[in-house]
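The values are calculated or read from the model by the stated rules, or taken from the named source; none is laboratory data. These numbers were taken from a predicted model, which means no experiment stands behind them. A quick note on method: Cβ atoms are made from the backbone with ideal geometry, for glycine too, and the neighbour counts reach across all protein chains shown. Please note that ligands, DNA and RNA were not included when accessible areas were found on the heavy atoms of the full protein model with its side chains. Shrake-Rupley method; radii C 1.70, N 1.55, O 1.52, S 1.80 Å.
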Amino acid sequence: MAVVKRGGLYNSHLTSPLHQGYGTHYATLWVGTPPQRKSVIVDTGSHYTAFPCRGCVNCGEEHHTDLYFDPDASSTFRALTCGSCLAGKCEDDDGDDIDVDNESNKCVFSQSYTEGSSWSAYEAIDKVFVGGRNIDKTMHDRLINDATRTDFLFGCQTRESGLFVTQLADGIMGMSAHPSTLPRVMYDQGKLSHNMFSMCFRRELHVSKRGIVAGMLTLGGMDTRSDFGPMVYAKNVAKSGWYTVLVKNVYIREGGGQRAKSDGPHQKLHRVRVDLNEMNSGKGVIVDSGTTDTYLHTSLAKPFQLAWEVAMSGRKYSNAPMTINEDELLLLPTILIQLASYDDLSTKGKADDKRGDAGGRGALDGLAGDVDPTSPQDVILAIPATHYMEHSPQAGTYTPRIYFTETRGAVIGANAMQGHNVLFDLENSRLGFAESTCEYSEEAQAVTAEGVMSVDCRLGKPSLKVSCSDSADLSSCKRRGNLDATISGLEIWSRIVLAPGMPQGKTCEQVSMEQNEADGGGPMEVNCDGKGVCREVRKCIISCANAMAQGAPSLKNSLSPIGSCAAATWSACDYTCTQTKINSVLMSDGNCHDEESLEVNRPCHVQACGRSDPCRVPFVVHAIIKIRGGVASHWTKHAEDIFTESFAATVNEGRKNDNLVEPGDVVVLNVTPWMASDDTIFGAKSLEGEDEELGMQIVVETSMFNNNAELPPSKRERDVPLATCHDSDLLPLASVALKINNKLAESNFVDIMVEKMKTDEALGEKQMSPFYFAFEDGNLAKESQVVTSWTIKTDIGAGSSLIDFVPIVRIHINFMFLALFSPIIALTCWGVRPWLIGKRASAMTGTFEKSDQTPRKGRRRKFARSSLEEYHPIHDGVSIMAIADDYQDNRSTVTCETDASGGESFRSFGSLSVYMARLSRFPRKT
């Protein structure tokens, strides 16, 4: 039976930079009309957004990045009054409660922290947009009309105390699993396609009011362009409140290492004995981006110390500062935390060898296959010493920032999130972790905004398809015999679709009409065919003399090309899974003319074709390629076409009629410079000379398209419904993905690909190509390499993110088993019901505690007292504790000093970024 599958690539998103604060990271909001800039800490441990407004008393304007927000300067600002309070309560100017029917007073709420910080605010709603620190006039105008600007409730602060006064960011932005957060509100208002977001943290040495970029925030999906490992998924075991994971094991790995996968058999692994009931008790283990450090349960202190002393030859662990050099820092142990997988809650105990890299090179990076074979799909979160050791340049010391202080549950803080692209997916109840450089490049964002990731449709320059003289009826001129008479006709102009845009953005027709109006054009009709081309039709008037002259064959033949209208390039892949190439030439009449004989189409399966449909695109191969001598600044759409065609040809090398991939299945996600410092852990400071640009890095994805997917009829032309498919259709495509990965692993892959690009007839001026130096020097091509590749399974189904196909016969057996034994199972469940009820009561006991069970904000505790929240259970205590009990009984059989290497490690040629060097180089906020 054909079914609809759940999932997709989730690449319909908005990405913006994060900046370094004092122990935290902050995003930039543009609030109001016209927009005013506000900086806010991104905090998955808080629900609400708040920042100082004009009139705020002693709120640290001199310390913050921006001036207080001025409500009077925004034409769209609206303060909520008593009749419309959402989160706060009515108070008069003296703070006394008043009649809720009084519309003249504001809705007030406040937040306090146990270390002494607090703030008070009144509720307000205004237009909000997440973006970069700086905007020019063009961007300013775009912000005003941007489709993602959101009517959003925030707190207009009237008072601050403690660290809120002296912090660098203006305010705070709650990002928890709560309906009041910006991602959730944007999703509810149709501004985002998916109810999810991701954060990627680096740590920089310096902070500045001008903003030091230190990561990125992605709303509505995940931006994988900076990842050097696959996204793996842990279960979010909380139903609401905070993002909560189930910790199953903790390990200490000798010899360090920056990644979850070990560097080799010399790195011995020591398991820390974890009491799962204690570790996951109370609120559970939450992932809190607003807490600087990581705080584990007190029951771990002693076993952690024992394992640490074994790994460190008797040296004790403490939170006292240490004087060590960088070489010694790299040799400190790496701490690994094992998290219950997204689907292991339903398939736990299976020891199947599920290899998600599709390359047969051992367990997938980030998964537990090598350390815990009984739970191979569990997530391994690696915290290297370069992340958990905080560096003080002034004192020249490093301080361990993992603490064992929690009496219930634990807090995985920002230092554990560093170097990971962390997906907070409320839509599918999961958290994703991908090892990443977390590099945000303005240049790269500008390039891809024109193509793969653009919110609005983007169109190329127009070229003339049908002229006025071609369409005019010349018979009336001949009948009248008056050459001065005028006749009407139509001009038809072609425009290539450079980017199909996102569902919440402007359509190609809207963009075309708006640009025509801005240019002062007259009435126009637009038709976009869904194959990557829009036709603009305008009425025109021409004299009989000109129409007859221009329509004469002699004059038409006299038109000659006088220049290029840019190289012909393929359009974006549109919703019909077709893209078009139109060759246009600048003629002597001053217009670019289509050469209809050279207009061609081809099938494609990227961008708007199936990106959200796991039945149509069930697998994607993601690869990172470094080209020695490549020049990223010379990258063009024409260069991209040459690259994708040569990439596909190289993958198909040696095959006759059964190609693995076609050029329309390949899309370039990102092109950035490859710097010498990228291949070092401590960045440019570890180089003897200045940093050098070695070449360029290309991130590319290849789609596996299921031609057997059944697409139901569409009610609206562009609203393509989800297809249905059979699991039997997907197994051959998984085999294709495996073959592509194996091809990419060949040592001469890039060398062959560069040679194919060099001999491509469409190359044009070789000197202008970003690959020119690699063309001229064959050794550069030989020094280039596919850094890594992996397969993404887009169907998340019941939770699996790996390639896992169960034979149909096994399904029949399972149904037979259920039919035979369901009465016995029902009686057994009814018998243990009283025990479960008692267990629920005991498990929920700790969920109401306020002070010492809550996360810390930059080494401070949160939620000691709040005027806007009632404390309630944030998850089902029974289910979490039952899971913990079950895992306790079936825990891993891995013992101390186990060889952590389960196979050949992924290639890591140049895959670590400058970020690794700048991890913890700023003073600790006191």
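In a residue-by-residue description of the stretch 613-634, the property of being touching a residue at least 24 places away in the same chain (Cβ under 8 Å), surrounded by fewer than 21 Cβ atoms within 10 Å (Cβ to Cβ) and in a helix (DSSP H, G or I) applies to at least one position. A single entry from SER436, SER392 fulfils the requirement of being surrounded by fewer than 24 Cβ atoms within 10 Å (Cβ to Cβ) and either at pLDDT below 95 or closer than 27 Å to ILE698 by Cα (or both): SER392. Picking from residues in the stretch 643-665 that are among the aliphatic types (A, V, I, L, M) and open to solvent by less than 10 Å² (accessible area, probe 1.4 Å), the one that is nearest to LYS766 (Cα to Cα) is ALA648. Residues in the stretch 767-795 that are open to solvent by 20 Å² or more (accessible area, probe 1.4 Å) and within 17 Å of ILE624 (Cβ to Cβ): GLU783, GLN785, ILE792.
Results for (1) open to solvent by 80 Å² or more (accessible area, probe 1.4 Å); (2) more than 24 Å from ASN591 (Cα to Cα); (3) of a type in the set (D, E, K, R), shown as yes or no for each residue.
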{"residue": "LYS465", "(1), (2), (3)": "no, no, yes"}
{"residue": "SER469", "(1), (2), (3)": "no, no, no"}
{"residue": "ARG480", "(1), (2), (3)": "yes, yes, yes"}
{"residue": "ASP484", "(1), (2), (3)": "yes, yes, yes"}
{"residue": "LEU498", "(1), (2), (3)": "no, no, no"}
{"residue": "MET513", "(1), (2), (3)": "yes, no, no"}
{"residue": "GLY520", "(1), (2), (3)": "no, no, no"}
{"residue": "MET524", "(1), (2), (3)": "no, no, no"}
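Summed over the stretch 231-283, the residues that are basic (Lys, Arg), assigned to a loop (DSSP other than H, G, I, E, B) and either farther than 21 Å from LEU306 by Cα or open to solvent by less than 10 Å² (accessible area, probe 1.4 Å) (or both) give a count of 4.
Table: residues versus (1) touching a Cys at 6+ places or on another chain (Cβ under 7 Å); (2) more than 30 Å from LEU168 (Cα to Cα); (3) in contact (Cβ under 8 Å) with a residue 12 or more places away in the chain.
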position: LEU217; (1), (2), (3): no, no, yes
position: GLU254; (1), (2), (3): no, yes, yes
position: LEU269; (1), (2), (3): no, yes, yes
position: LYS302; (1), (2), (3): no, yes, no
position: GLU309; (1), (2), (3): no, yes, no
position: MET322; (1), (2), (3): no, no, yes
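For the residues VAL700, VAL754, VAL720, VAL750, the requirement of being touching a helix residue (DSSP H, G or I) at 6+ places or on another chain (Cβ under 6 Å) and surrounded by 20 or more Cβ atoms within 10 Å (Cβ to Cβ) singles out VAL754. Checking the condition within 27 Å of MET175 (Cβ to Cβ) and at pLDDT 90 or above, which residue from ALA385, ALA340, ALA368 passes? Only one candidate qualifies: ALA340. Taking the criterion of being assigned to a strand (DSSP E or B), modelled with pLDDT of 90 or more and open to solvent by 30 Å² or more (accessible area, probe 1.4 Å), the residues of the stretch 1-39 that qualify are GLN36, ARG37.
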